[in-house]
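The values are calculated or read from the model by the stated rules, or taken from the named source; none is laboratory data. No experiment lies behind these values; they were computed from the predicted model shown. Virtual Cβ from ideal backbone geometry, glycine too; neighbours counted across all protein chains shown.
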Amino acid sequence: MSTITLLLALLGIVSVAVLFYFLRFKASSRQTDRDNRIPWNKIFFQRERYKETKASLKKENSPKASEQPSGEEDADFKD
Amino acid sequence: MSKHAALDRFGKSGNPLIRSDLFQKVALDNEEVTTLDGAVNKTAILLALTVSTAAISWNFQGPMMGLISGIGVAAAMISAIATFGLWIFSWIIKPTPHRAPYTAPIYAAGMGFAIGLISQQFESLFPGIVIQAVSLTFFVAASLLLLYKTGVIRPDQNFLLIMACATLGIFFTYIANIFYAMATGSSFSIITDTGLMGIGFSLFVVAIAALNLVLDFDIIEQAAETRAPKYMEWFGAMALVMTLIWLYLEILRLLAKLRS
C-alpha cells in the first residue's frame, strides 16, 4: 500500500467519525433562523396535505350546512 | 398591524386548501417524531447494508453475480422512484416519503451489489483506487456537513433550482450516452476522455454530487426541527446514502481518469 493511500485511508476514517458525530448536532442559528429556507414540507407532503386539508374542510363545512337559516326566517327578512 | 402587511400577504394563496393550517405536516401527539440521532442511526444501517452486499459481489465474481447486480440495480432504481418520485416531474410521480422504511434497505442492498462489482473492476486496473475514493467521498461529505452546520453554506430555493437543473442535465447526459453507446458502440468522449475535457467534466459532476449533500443535510435538519413523522428519518438517510453512492462512483471515475 502506497503512502498516499495510507494517508487517505486515515483521512477517510477521521472523516467518517466527523460525519457521524456532527450529524447528530443541531445546525447553528445562522442556518436555521432565516426566512429563505427550502420548503421541504411543501415538496414532500403535497399529496397528503391536500387529502388532509380537503377532509378537514369538508368536516368544517358540513355542520354549517345544517345551521342554514330556515325558509320562514328568509320570509321575515324579506318583510 | 405591521406596515409590511401587504408584503406579508404577497405570495400567499387565496385557495383555502393551501391556506389551511394543515399546510405544515407534523407528527400527531401520539406519533413518534424524527430526530437527528434517529436519522444518523438509519444512515449507518443503510451504509452497513451497502458495504455488506458490496463485499459479497466483490468476493464472489462471476456471471451469476453479474445477474444479481443487475437485479439489484433495477430494484434500487424502482425503490428510488417509488420513494422520491420523479422529483422534478413531481406532477407525474409524486414523492411518497412514507414508503422509505421499506424501500431504503432495498435500495442500499441493491446498489451495494453493483458497487462491489464496479469497485472490484477499478481496483484490478488501478490498485488502491477504492480506498482513495471511499476516503475522499467521506472527506467531502464531512467537510460539507461542517460548512452546512456552521451556516457557511445556506441552501435556499435558488440553490435548489440550480442544483435540480444541474443534476437533471447530468442525468440526461448519461441517458443520452447510453442510447448513443447502444447505437454506435462508443460513448461520448467527454465522459470517457482522460484529457482535460474529460477530467473537467468529472470535476463538475463531483462538485454537483457533493453540493447535493447539502440538500440532504437540510432535509434531515428540517425534518427534525418540524417534528416530522418518524419515517422521515429513513427518507433523509436514503437521500444521503443515494448521494454518497453517486459521489463515490464519480470520484472513482475521476481518480481513474487522473491515473490513466
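In segment B:99-119 there is at least one residue that is under 20 Å from B:A44 (Cα atoms), in a helix (DSSP H, G or I), within 11 Å of chain A (Cβ to nearest Cβ) and under 19 Å from the mean Cα position of the chain (by Cα). Name the single residue that is surrounded by the fewest Cβ atoms within 10 Å (Cβ to Cβ) among those in segment B:134-176 being part of a helix (DSSP H, G or I) and in contact with a Lys or Arg (Cβ under 9 Å, 6 or more places away or on another chain). In this case the residue turns out to be B:Q157.
Residues in segment B:150-166 that are of a type outside the set (G, A, S) and touching a residue at least 60 places away in the same chain (Cβ under 8 Å) were compared, and the one that is nearest to the other protein chains (Cβ to nearest Cβ) is B:P155. Among the residues of segment B:71-88, are any in a helix (DSSP H, G or I), within 13 Å of chain A (Cβ to nearest Cβ), within 20 Å of the chain's Cα centre (by Cα) and modelled with pLDDT under 75? Yes, the conditions are met somewhere in segment B:71-88. Being within 26 Å of B:L254 (Cα to Cα) and outside any helix (DSSP H, G or I) is a description that applies to B:P127. Residues of segment A:25-74 that are closer than 18 Å to B:K149 by Cα and either at pLDDT below 85 or hydroxyl-bearing (S, T, Y) (or both): A:S28, A:S29, A:T32.
Restricting attention to segment B:204-260, the residues being within 12 Å of chain A (Cβ to nearest Cβ), within 16 Å of the chain's Cα centre (by Cα) and among the hydroxyl-bearing types (S, T, Y) number 1. Looking only at segment A:1-24, how many residues end up being assigned to a helix (DSSP H, G or I) and either under 18 Å from B:D37 (Cα atoms) or facing chain B (nearest Cβ under 7 Å) (or both)? Counting residues in segment A:1-24 that are assigned to a helix (DSSP H, G or I) and either under 18 Å from B:D37 (Cα atoms) or facing chain B (nearest Cβ under 7 Å) (or both) gives 13.
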